[in-house]
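A.B. asks: Structure provided below as C-alpha cells; questions to follow.
The values are calculated or read from the model by the stated rules, or taken from the named source; none is laboratory data. Only a predicted model underlies this, so the values are computations on that prediction, with no experimental measurement involved. Neighbour counts run over all protein chains shown; Cβ positions are idealised from the backbone, glycine included. These accessible areas exclude ligands, DNA and RNA; they are computed on the full protein's heavy atoms, side chains included. Shrake-Rupley method; radii C 1.70, N 1.55, O 1.52, S 1.80 Å.
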2 protein chains.
Amino acid sequence: VRRTPRDGADSVIRALADSARATARDAGLPLHELVAAGCAAPGPLDHRTGLVHEAPNIVGFIEFPLGPRLSEALDGLPVFVDRDTAMAAIAEVAIGAAHGQRDWVYVTVSTGLGGSIVSGGRMLRGATNTAGEIGHWPVAFQLDPSRDAGADLQRCGCGSFGCAESLAAGRNMADAYGVNDAAEVYAAAARGDERASTIVIRAERALANLAVGLVNVLNPALIVVGGSIAERQPSHVLEPMRRGIADRAFRVPAAAVRVVPAALGGDVGMLGAAFGARERLSGRGEWFL
Amino acid sequence: VRRTPRDGADSVIRALADSARATARDAGLPLHELVAAGCAAPGPLDHRTGLVHEAPNIVGFIEFPLGPRLSEALDGLPVFVDRDTAMAAIAEVAIGAAHGQRDWVYVTVSTGLGGSIVSGGRMLRGATNTAGEIGHWPVAFQLDPSRDAGADLQRCGCGSFGCAESLAAGRNMADAYGVNDAAEVYAAAARGDERASTIVIRAERALANLAVGLVNVLNPALIVVGGSIAERQPSHVLEPMRRGIADRAFRVPAAAVRVVPAALGGDVGMLGAAFGARERLSGRGEWFL
C-alpha cells in the first residue's frame, strides 16, 4: 500500500509504474514477459479508452488519459483501466459473493460510496460508459421550501448535494463532524453525542433510501455490500438497508433480493483488475464488461 | 375511454373484454381473425406470465393473473401483458421520441409517476421482471433526526415515503392539497398560495433529484418525459429536471443526455401494447423486451 501523490498526475503515473515494476520484480517476472495489466481508478471514467473524466480526490485527474499514460510508462504493456467499483464487481462475480449472479448490484461504503450494476448478466455501462455511480444518486433535499434545496445538507465532492455519498461515506461523515476518521463519529454517537448521532442517523436514512431505490428500480437478486465502513459498522450499513427494503420496497422485488457482505475484503479492486484485464485481453470481456 | 370498474377484478376483466370486442367489431374484424392482443397494466407485474403483483389503484389486482384471465374472456386469444410504462417505452422507441436509441429512460409524470429503463438496447427487467419502477425511487427523507424518517412526507400509494411519485405525481399533489386535480395546485401556487407553493416546490426538487440520479446512475443518452402533468406543466417538470442535471450531475453524462417531451401523447400505451404484442408474438421481442 502506497500513498497517492498529491502533486499532480505525472507523480501518480510514476508511483503506479514504480509499484508495478517492483511487484513484477518481486514475483520474478520481467515486465516484458507480462501480457497485460489492469488498473482500477475512481470514476467517472471511460473504461474503453482509459480516460478518467473527473476524480475529485486525485490531483490532476481531470480528462486524464490514465490507461495510455500508464501503458507508456510500462514500456507499452497493455493497460486495461476500469472504475474501482467495476473492478470490485468483476472480482465478486468471478470468485466472490456474487458468483453466478446475473442481476445484482455491488455497493461499497468506504471513504467514498460507489458501486456497479449488473443486469441480465451484463455490467450496465450507459451511453458514454459512466453508468453505475450510485453514490451520486440523490436521496435527500431540504423539505422547507423557504430554504435552498441543498440547505442543511453537506456539499458532495461531486459538487451536488443530497448524494448518498455526501451523507453516508466515511470521508464525508468525518468531515461533517470535523475529525479524520468516521470511526470517531460512530464512537461519539454511541456515547450519545447529539451532533454525531445526527450524522449517523442521516447516513442510515440515506442508505435505506438507496437500498429501497435499488430494489424498486433495478430488481436485483443480490446486493453485495463491501468497503471498510460496511465491514466495521454492519449494524449501521447493512441493517438499515435490509430494514428499509423489508419495510418500504415493493413486496415482490423485496422478497427476491438478499443484502450480503462482500466476500473479498480490501484486495477486491486488485483481484478485479487482474480478472478484468485477463477477460478483456482475451476478448471474452465483451459479454460481461 | 372507459372508467375502470371499482368493484373487483372480474368486473375489470369484463370491461376489458367488452372494450376489445367492441373495438374489433368497429374495425370489422371478428375476434377469431385476430392473432394476439396487447394489454398495458400498472405494475409491478411479470410480463412473462401476465401476473399483476400489486396495483394499489385497481381494486382486486393483487397477484392477479391478468393475461390468462383476459385471454380466457377473449376465447383464447393470446394476450401479452406488460407494465403501462414499458408499453409506452416500446411505442416511443418504435415510432416516437426515442427512435433508434439504445440507452435511454422513459419517464411519465401523470396521475402516477413511472418509467422504464433501456440499457444497451434492452429493456432492463431485473431478477423477477419488476425493474423500472422509477416512481418509487426515494428522493427525500426527514433531515431532522429527532423526527421519524418519513415525518412531514406524504405516505406513498406503495406504502413507503419519499418516493418521487409521492411528491411529484398528479394524484399525490392533488391529495396533499385536498383537491381532485393537480391543475388546481399549480393554479393556487401561481396565485401565491403558500401551501400549494410548498407542494409544487417539493415536486420540482423531487424531479430534480430523480433526473440527477438517472443521469449519474444510468448515463442515458435521452430521457423522454411523457404524461399529462409533463405535457401541461413543462416548466414545472422538464425544466427542473434539465436544471438539476446541468447544475448537479457529473459533467460527462450531463453533456451526453437530452431531456425531451414524449412524442406520442395519450395513445402511447395503446400503441405500445400493439407493438409489444406484435414483437412478442413474432419471437422478435426477446432482443428488446
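A.B. asks: What dipole magnitude, in Debye to the nearest 20, does segment B:111-207 give about its Cα centre under +1 on Lys/Arg Cβ and -1 on Asp/Glu Cβ?
C.D. replies: 340
A.B. asks: Starting from the residue with the highest accessible area, list A:Thr128, A:Thr23, A:Thr85 in decreasing order, probe 1.4 Å.
C.D. replies: The ordering from most to least exposed comes out as A:Thr23, A:Thr128, A:Thr85.
A.B. asks: What is the magnitude of the charge dipole of segment B:1-126 about its Cα centre, with +1 placed on the Cβ of each Lys and Arg, -1 on the Cβ of each Asp and Glu, and no other charges, expressed in debye to the nearest 20?
C.D. replies: For this selection, approximately 160 debye.
A.B. asks: What percentage of the solvent-accessible surface of segment A:242-289, computed with a 1.4 Å probe over protein heavy atoms, is contributed by carbon and sulfur atoms?
C.D. replies: Answer for segment A:242-289 is 59 percent, counting heavy atoms of protein chains only.
A.B. asks: Using a 1.4 Å probe, how large is the accessible area of A:His236, given in Å² and rounded to the nearest 10?
C.D. replies: 50
A.B. asks: For the Cα atoms of chain A, what angle does the longest principal axis make with the long axis of helix A:84-95, in degrees from 0 to 90, nearest 10?
C.D. replies: Around 80 degrees separate the two axes.
A.B. asks: What does the helix-only formula give at 222 nm for chain B: each DSSP H stretch with n ≥ 4 adding -39500 (n - 2.57), the total divided by the residues, and the result rounded to the nearest 500 deg cm²/dmol?
C.D. replies: -13500 deg cm²/dmol
A.B. asks: Here's something else I'd like to know. If you roll a 1.4 Å probe over the heavy atoms of the protein chains, what accessible area per residue do you get for segment A:223-289, in Å²?
C.D. replies: Normalised by residue count, the accessible surface of segment A:223-289 is 47 Å².
A.B. asks: Sticking with this one: Order B:Asp152, B:Asp247, A:Asp82 by their accessible area, 1.4 angstrom probe, all chains in place, largest first.
C.D. replies: B:Asp247, B:Asp152, A:Asp82
A.B. asks: Continuing with the same structure: What nm distances, shortest first, do you get from the label point of A:Ala151 to those in the other copies when the point sits 7 angstrom along Cα to Cβ?
C.D. replies: 1.8
A.B. asks: Using Cα-Cα distances under 8 Å and only pairs 6 or more residues apart, what relative contact order does segment A:80-205 have, in percent?
C.D. replies: 16
A.B. asks: Helix B:268-282 against the longest principal axis of chain B: what's the angle in degrees, Cα atoms only, rounded to the nearest 10?
C.D. replies: Computed tilt is about 50 degrees.
A.B. asks: Which distances in nm, rounded to one decimal and ordered from shortest, link the label point of B:Glu194 to the equivalent label points in the other identical copies, with labels set 7 Å from Cα toward Cβ?
C.D. replies: Spelled out, the distances from B:Glu194's label point are 2.6 nm.
A.B. asks: For segment B:248-289 and segment B:181-199, what is the separation of their Cα centres, given in Å?
C.D. replies: So the separation of the two Cα centres works out to 32 Å.
A.B. asks: While we're on this one: Placing unit charges on C-beta atoms (Lys and Arg positive, Asp and Glu negative, everything else neutral), compute the dipole magnitude of segment B:144-289 about its Cα centre in debye, rounded to 20.
C.D. replies: Here the size comes out at about 440 debye.
A.B. asks: Also, I was wondering about something else. Does segment B:184-289 classify as rounded, prolate or oblate by the C-alpha gyration tensor (a ≥ b ≥ c root eigenvalues; a/c under 1.5 gives rounded; else a/b over b/c gives prolate, otherwise oblate)?
C.D. replies: The shape class here is oblate.
A.B. asks: Provide the solvent-accessible area of A:Phe64, counting protein heavy atoms only and rolling a 1.4 Å probe, rounded to the nearest 10 Å².
C.D. replies: 20
A.B. asks: Also, quick follow-up: Normalising by the residue count of segment A:75-151, find the relative contact order in percent from Cα pairs under 8 Å and 6+ residues apart.
C.D. replies: 19
A.B. asks: Starting from the 7 Å offset along Cα-to-Cβ, what nm value, one decimal, do you get for the label separation of B:Thr23 and B:Glu72?
C.D. replies: Between B:Thr23 and B:Glu72, the label points sit 2.2 nm apart.
A.B. asks: I need to check one value: relative contact order of chain B, counting alpha carbon pairs closer than 8 Å and at least 6 residues apart, in percent.
C.D. replies: 19
A.B. asks: Over the protein assembly as shown, what is the percentage of antiparallel beta bridges among all DSSP beta bridges, to the nearest 5?
C.D. replies: Antiparallel: roughly 50 percent of the beta bridges in the protein assembly as shown.
A.B. asks: In square angstrom, what is the accessible area per residue of segment A:84-135 with a 1.4 angstrom probe?
C.D. replies: I get 24 Å² per residue for segment A:84-135.
A.B. asks: Also, I was wondering about something else. Suppose you put the label 7 Å out from Cα in the Cβ direction; list, shortest first and in nm with one decimal, how far B:Ala255 is from each other copy's label.
C.D. replies: Copy-to-copy label distances at B:Ala255, shortest first: 4.7 nm.
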